[in-house]
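The structure appears below as structure tokens.
The values are calculated or read from the model by the stated rules, or taken from the named source; none is laboratory data. Because the structure is a prediction, the values reported are computed rather than measured. Cβ coordinates were reconstructed from backbone atoms using ideal geometry, including for glycine residues, and neighbour counts include every protein chain displayed.
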Amino acid sequence: MKTSSAILLTTLAAALVQGACAAPETFDFKDPKGVNNAVFKLDAPLESVNGSASGISGTVVFDPENPAALQGKIVVASESLTVPNPMQKEHLHGTNWLDVATYPLITFESKSFANVKTTDNATTGDITGTFTLKGVSKELTTPVKVTYLKDKLSARVPGLKGDLLVIRAHFTINREDFNIQPGHYEDKVAPTIELDLSIAGAAPQP
Amino acid sequence: MKRSFQILALLLLLGTAGTWLIAGANRGWTKTSVPVKTLDPVTGIEGISYQPKFLPGVDFLGAGVLAAAVLGGASFLFRKKPTV
């Protein structure tokens, strides 16, 4: 009787632990280390424009036991878009191009995660969501790689326990789709914009 | 005066071209900051930060060449002193 009670308790405890581990976690992508970045590249016949954005925030809910249920929203502050040439940066932020004063945020909000494959701690798949730039929202699907780093938060931020989630994505958008000088200056400013997202989010545990 | 303008034009041309070449002969536009990449060992993400650095580009070179040409051209406005 005693033995069966012990087995029952052990099983219950294991189920509880497993349940606790399997719970979806919310990862905050406001990076205290300032490493998170989105790189953009426009390769036109006469000019190549390369820059990056660092003002990244947002949250993603990820369940390591059910990666396909991933959902969240990533926000980039338009003002944080930087190129090395000061005049180019001024033009980029200006009313003719991104108009960062009127449209301060660039966002991507996920809707679904398909073709999900998980190997060890890395999950790949195609994420579909709404991408909003300069006030125009379009649905897009892009391949994404999500790496779940369990208990690695303390290695990055000493004194904090928790997990990390690294998201990498590469996709291309057409600037005319987002009303960014459609059909103009295509010899100097490429009509397509390549975007590379490399971001890490943290889920601290009490 | 004519000679002074010509020497100044030559110095400006050499100075501009020299600065551009020494700074790496950047064939893009002038940059006032350069991206510096740092690897986050935990996540493997390459962080990008911009550090202030003046990197003259083709616009800097062009402006220098144009200014030297204007100075050189202006030198011809001065008449040669008549030799007696």
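Residue pairs whose Cβ atoms lie under 9 Å apart, sitting 6 or more positions apart in sequence or on different chains, and linking a residue in segment B:17-39 that is surrounded by fewer than 12 Cβ atoms within 10 Å (Cβ to Cβ) to a partner that is part of a helix (DSSP H, G or I) and not small (Gly, Ala, Ser), are B:Arg27/B:Val58. Of all the criteria given as (1) of a type outside the set (S, T, N, Q); (2) at pLDDT 95 or above; (3) loosely packed, with under 15 Cβ neighbours inside 10 Å; (4) in contact with a helix residue (DSSP H, G or I) (Cβ under 6 Å, 6 or more places away or on another chain), the one not satisfied by A:Glu79 is (4).
Against the definition (in contact with a helix residue (DSSP H, G or I) (Cβ under 6 Å, 6 or more places away or on another chain) and farther than 30 Å from A:Asn96 by Cβ), how does A:Leu164 come out, yes or no?
Values: in contact with a helix residue (DSSP H, G or I) (Cβ under 6 Å, 6 or more places away or on another chain): yes; farther than 30 Å from A:Asn96 by Cβ: yes.
Taking the combined requirement at face value, the residue satisfies it.
Does B:Asp40 satisfy the condition of being farther than 30 Å from A:Ser198 by Cα, modelled with pLDDT under 95 and within 14 Å of chain A (Cβ to nearest Cβ)? No; evaluated as a whole, the condition is false for this residue.
Flag not set for A:Leu70, criterion: at pLDDT below 95 and among the aliphatic types (A, V, I, L, M). Within the span defined as segment A:120-133, one or more residues are on the phi > 0 side of the Ramachandran plot and acidic (Asp, Glu). Among the residues making up segment A:153-188, those that are on the phi < 0 side of the Ramachandran plot, within 14 Å of another protein chain (Cβ to nearest Cβ) and in contact with a strand residue (DSSP E or B) (Cβ under 6 Å, 6 or more places away or on another chain) are A:Leu153, A:Leu160, A:Asp163, A:Leu164, A:Leu165, A:Val166, A:Ile167, A:Arg168, A:Ala169, A:His170.
Yes/no per residue for (1) at pLDDT 95 or above; (2) of a type outside the set (S, T, N, Q); (3) in contact with a helix residue (DSSP H, G or I) (Cβ under 6 Å, 6 or more places away or on another chain):
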site	(1), (2), (3)
B:Ala17	yes, yes, no
B:Thr30	no, no, yes
B:Gly47	no, yes, no
B:Phe54	no, yes, no
B:Asp59	no, yes, no
B:Leu77	no, yes, no
B:Lys80	no, yes, no
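What residue, of A:Asp163, A:Asp187, is of a type in the set (Asp, Glu) and closer than 27 Å to A:Glu65 by Cα? Show your work before the answer.
Details: A:Asp187 fails: closer than 27 Å to A:Glu65 by Cα.
One residue alone meets the criteria, A:Asp163.
Considering segment A:46-102 alone, what residues qualify as being of a type in the set (A, V, I, L, M, F, W, C) and part of a loop (DSSP other than H, G, I, E, B)?
A:Leu46, A:Leu70, A:Val83, A:Trp97, A:Leu98, A:Val100, A:Ala101, listed by residue number.
Of all the numbered requirements in (1) more than 14 Å from chain B (Cβ to nearest Cβ); (2) crowded, with 17+ Cβ neighbours inside 10 Å; (3) of a type outside the set (D, E, K, R); (4) in contact with a helix residue (DSSP H, G or I) (Cβ under 9 Å, 6 or more places away or on another chain), A:Gly58 misses one, and that requirement is (4).
Within 14 Å of chain B (Cβ to nearest Cβ) and out of contact with any Leu (no Cβ under 9 Å at 6 or more places or on another chain), is that true of A:Lys145?
yes
Residues of segment B:22-37 that are more than 7 Å from chain A (Cβ to nearest Cβ) and in a loop (DSSP other than H, G, I, E, B): B:Ala23, B:Gly24, B:Ala25, B:Asn26, B:Arg27, B:Gly28. Of B:Lys53, B:Lys80, all but one fail to be farther than 20 Å from A:Glu47 by Cβ and at the interface with another protein chain (Cβ under 10 Å from one of its Cβ atoms); the exception is B:Lys53.
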